[in-house]
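Q: I'd like to ask some things about the structure below.
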Amino acid sequence: NYEGSPHVATMRRLNPSLNTVPILPDSEAWAREQPGEPVVFKSTFDGFFRTELEACLCRMGVTRVLVCGLVTSACVLSTALGAFHRGFDVLLVEDCCADRSVARHQATVAMYADYCFRTASTQDVSEP
């Protein structure tokens, strides 16, 4: 439960102007999982922290992880680093990420690209 996560109260205290929209349990239709697709719920920035994500990926034989999402300097970076720390080949799909500002997004990518992950575009990773 995201609302029950220990970091949510801190985030709301540090960012009172953010998080004014309630967190809903259901995904938007365009983001819903496909039948049979595994779903991993996270309660903090890092998608690997106290979740079954690593075990799920290992069961499927995954060695490369493509990372995208919001917010580049927080959730995306934490999950990318979580994958890196666990030995996955990490590819950040840069044009599928965003942050509070373009400058913050670009600074995060510039700091970690080719150090902890490689970057790519959707065109680079799309099936032919």
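Q: Determine the pairs where a residue that is free of Cβ contacts under 8 Å to residues at least 40 places away in the same chain, located within the range 100-120, has a partner that is assigned to a helix (DSSP H, G or I) and small (Gly, Ala, Ser) with Cβ atoms under 7 Å apart, the partner being 6 or more residues away or on another chain.
A: Arg104/Ser73; Thr108/Ser73; Cys116/Ala80
Q: Among the residues of the range 68-82, is any touching a residue at least 12 places away in the same chain (Cβ under 8 Å), of a type outside the set (Ser, Thr, Tyr), open to solvent by 40 Å² or more (accessible area, probe 1.4 Å) and over 24 Å from Gln123 (Cα atoms)? Steps first, answer last, please.
A: Filtering the range 68-82 for residues touching a residue at least 12 places away in the same chain (Cβ under 8 Å) gives 68-82.
Add one more test, that the residue is of a type outside the set (Ser, Thr, Tyr), and what stays is 68-71, 74-77, 80-82.
Now drop any that are not open to solvent by 40 Å² or more (accessible area, probe 1.4 Å), which leaves 68, 70-71.
In the following step, the residues that additionally are over 24 Å from Gln123 (Cα atoms) were identified as none.
Looking for residues that are touching a residue at least 12 places away in the same chain (Cβ under 8 Å), of a type outside the set (Ser, Thr, Tyr), open to solvent by 40 Å² or more (accessible area, probe 1.4 Å) and over 24 Å from Gln123 (Cα atoms), one finds none in the range 68-82, hence no.
Q: Please work out if Gly47 is surrounded by 11 or more Cβ atoms within 10 Å (Cβ to Cβ), touching a Gly at 6+ places or on another chain (Cβ under 8 Å) and either among the basic types (Lys, Arg) or modelled with pLDDT of 90 or more (or both).
A: Values: surrounded by 11 or more Cβ atoms within 10 Å (Cβ to Cβ): yes; touching a Gly at 6+ places or on another chain (Cβ under 8 Å): yes; either among the basic types (Lys, Arg) or modelled with pLDDT of 90 or more (or both): yes.
For Gly47, the condition - surrounded by 11 or more Cβ atoms within 10 Å (Cβ to Cβ), touching a Gly at 6+ places or on another chain (Cβ under 8 Å) and either among the basic types (Lys, Arg) or modelled with pLDDT of 90 or more (or both) - is met.
Q: So, in the range 88-105, how many residues would count as being loosely packed, with under 14 Cβ neighbours inside 10 Å and in a helix (DSSP H, G or I)?
A: 2
Q: Looking at (1) at pLDDT 95 or above; (2) aromatic (Phe, Trp, Tyr); (3) over 16 Å from the mean Cα position of the chain (by Cα), find the lone condition where Phe88 falls short.
A: (3) is the only condition that Phe88 fails.
Q: Would you be able to tell me the number of residues in the range 19-40 that are open to solvent by less than 80 Å² (accessible area, probe 1.4 Å), within 16 Å of the chain's Cα centre (by Cα) and at pLDDT 85 or above?
A: Residues in the range 19-40 being open to solvent by less than 80 Å² (accessible area, probe 1.4 Å), within 16 Å of the chain's Cα centre (by Cα) and at pLDDT 85 or above: 3 in total.
The values are calculated or read from the model by the stated rules, or taken from the named source; none is laboratory data. Because the structure is a prediction, the values reported are computed rather than measured. Methodologically, a virtual Cβ is constructed for each residue, glycine included, from the backbone with ideal geometry; neighbour enumeration extends over all protein chains shown. To get the accessible areas, we keep the full protein, side chains included, count just its heavy atoms, and leave off ligands, DNA and RNA. Shrake-Rupley method; radii C 1.70, N 1.55, O 1.52, S 1.80 Å.
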